[in-house]
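Here the structure comes first, spelled out in C-alpha cells, and everything after it is commentary.
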Ligand SMILES: *Cc1c(COP(=O)(O)O)cnc(C)c1O
Ligand code: SF4
C-alpha cells in the first residue's frame, strides 16, 4: 500500500521548476524598472503602452539585462514604449493575413506539407515586436480535449508531412497535454516530422527537462526544435545547457531571429549570436525581416541595411552559421528569401 503522503503527492503533482518560473514572471512595469534601477520618468508611458499587450518577463531573462541601461538589447525587446501607441502607416493588426488560412480552430495551413498548430495563446515573455500581438487567440484556443477537428484535418490530407507546434508559445502547455497530442500525431501514418517553435528554451531554459525531452523523442516522429533568440546576451550558461540537452537527445536544434533596429542590427551582434548558438550545438535558420504589425514600427530595419548585414555575415562566418534572410509575404507559399 502506498503511504498516504505518497498518495497525496501523486494526486497533486508538484509544480515543475519551470512552471514556477512561468507563474512568477514580472508583470508590472514598475517592478521591472525597480529591478533594473531605471529612471522612472518613462514609467507612465510604459504602463499606458502595456494596456492591450501586457508586460511579461521571466526573471531568468531579466537577470541577463544590464542594470541601469535603457539600451540593453534584452530590455529593449520587452519594454513597452509610448511609441507603440502612435499610428504607423503600413503597419496592421494581421500583417500575415493568417485568418484566411485557418480551416479549423487551432490550425493554420498555408505552406505545402506543413501545418501549424496553435497549441497555446500564451507566452512566457511578451516581445514587443511580436506579429501575433493582435492574433485572435480566443477563436483559436481549442483547449484540452478539443483537438479532434485539427487531428481529423491532418489525417485527411496525406500531403501533410510535418506538424509544427506554435503559438503563442507551445511549451507553456503541460507535458501531459503535449505528449497526448504527439501520440495522436504519431498515429497518422503520413506525418513524419514534429517541429516545435519556442522561445522557452531561451527565456526559461529549465523548461527543457526530462518530461519535455521524453515526448519530443518518444515516438517515431523525427523531432526538430526551432528556438528563438535575437541576441548573444541571451545565451548564458543555463541556455547553453538547455540547448545541449536538446542536441544530446538527438533533436535537430535551430534558431530563428527577428532583425530588430537598435537590438541586433549590426554585423557584430549577429556574428556573436551565431557563434554562441553554435557553441551550444544550435545552427541559425532564419533571419526574419520584421512583420509590419501595428505598434512595432520603431523596430523596423530597412531592406537595404538588412542586405548589407547579410552580406557582411557571409564575409565573417562559415556558410553554416549564416542565417537565411527572409520575409513573410501573406499570399506566398513559403518565406521569401531576400536576394543580396
Ligand atoms: C513559417 C511558417 C511555416 C514553416 O515554414 P518553414 O519555411 O518550413 O520554416 C509553416 N506554416 C506557416 C503558416 C508559417 O508561417
Ligand atoms: S509568440 Fe514568440 S515573439 Fe510573440 S510574444 Fe510569444 S514568444 Fe514573443
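With viscosity set to 1.306 mPa s and temperature to 10 °C, compute the Stokes-Einstein D of the stretch 16-112, Rh being the Kirkwood radius across alpha carbon pairs; µm²/s, no decimals.
Taking Rh from Cα pairs, D becomes 100 µm²/s.
Rounded to the nearest 5, what % of DSSP beta bridges with both residues in the stretch 248-340 are antiparallel?
Around 20 percent of the beta bridges assigned by DSSP in the stretch 248-340 are antiparallel ones.
Taking a temperature of 25 °C and a viscosity of 0.890 mPa s, what whole-number D in µm²/s does Stokes-Einstein yield for the stretch 20-77 with Rh from Kirkwood over alpha carbon pairs?
Value of D from the Cα-based Kirkwood radius: 210 µm²/s.
Add -39500 (n - 2.57) for each DSSP H run of 4 or more in the chain, then divide by its residues: what number comes out at 222 nm, to the nearest 500 deg cm²/dmol?
Estimated from H runs of four or more residues: -8500 deg cm²/dmol.
Calculate how large, on average over all directions, the projected area of the Cα convex hull of the stretch 125-232 is; give the answer in nm² to one decimal.
In nm², the orientation-averaged hull projection of the stretch 125-232 is 7.5.
Which ordering of 183, 234 is given by a fewest-first count of other beta-carbon atoms within 10 Å?
Final ranking by Cβ density, sparse to dense: 183, 234.
Based only on Cα atoms, what mean projected area does the convex hull of the chain have, in nm²?
Mean projected area of the Cα convex hull: 18.8 nm².
Rank these for me by crowding, 320, 285, 129, going from fewest to most other beta carbons within 10 Å.
Ordered from fewest to most neighbouring Cβ atoms within 10 Å, 320, 285, 129 come out as 320, 285, 129.
Explain nothing, just the number: relative contact order of the chain, from Cα pairs under 8 Å at least 6 residues apart, as a whole percent.
Result for the chain is 16 percent.
If packing is taken as the average number of other Cβ atoms within 10 Å across a peptide's residues, how do 321-330, 257-266 rank, most packed first?
257-266, 321-330
What list do you get for 226, 196 if you sort them by fewest beta carbons within 10 Å?
With the sparsest Cβ surroundings first, the list reads 226, 196.
Antiparallel DSSP bridges in the chain: what percent, to the nearest 5?
Antiparallel: roughly 15 percent of the beta bridges in the chain.
Of the peptides 171-177, 292-298, 334-340, how do they stack up when ordered by the mean number of other Cβ atoms within 10 Å, highest first?
The packing order, highest mean first, is 292-298, 171-177, 334-340.
Estimate the FRET efficiency between residue 112 and residue 30 by the formula 1/(1 + (r/R0)^6), using the beta-carbon distance for r and 41 Å for R0, to the nearest 0.05.
It comes to 0.30.
Residue 190 versus residue 134, label points 7 Å from Cα toward the beta carbon: distance in nm?
3.5
What translational diffusion coefficient, in µm²/s and rounded to a whole number, does the Stokes-Einstein relation yield for the stretch 194-340 at 10 °C and a viscosity of 1.306 mPa s, taking the hydrodynamic radius as the Kirkwood radius over Cα pairs?
It diffuses with D of about 100 µm²/s by this estimate.
What full-extension length gain, to one decimal in nm, is calculated for residue 52 and residue 70 as 0.36 nm per residue of separation minus the Cα-Cα distance?
4.2 nm
Assuming R0 = 30 Å, can you tell me the calculated FRET efficiency for the pair residue 159 and residue 86, based on Cβ-Cβ distance, to the nearest 0.05?
0.10
Can you work out the FRET efficiency for the pair residue 283 and residue 209, with r the C-beta to C-beta distance and R0 = 22 Å, to the nearest 0.05?
So the FRET efficiency works out to roughly 0.45.
Values quoted throughout were computed directly from the atomic coordinates according to the rules given, and no laboratory measurement underlies them. Please read these numbers as outputs of a predicted model, since none were measured by experiment. Heads up, the Cβs are rebuilt from the backbone with ideal geometry, glycines too, and the neighbour counts pull from every protein chain shown.
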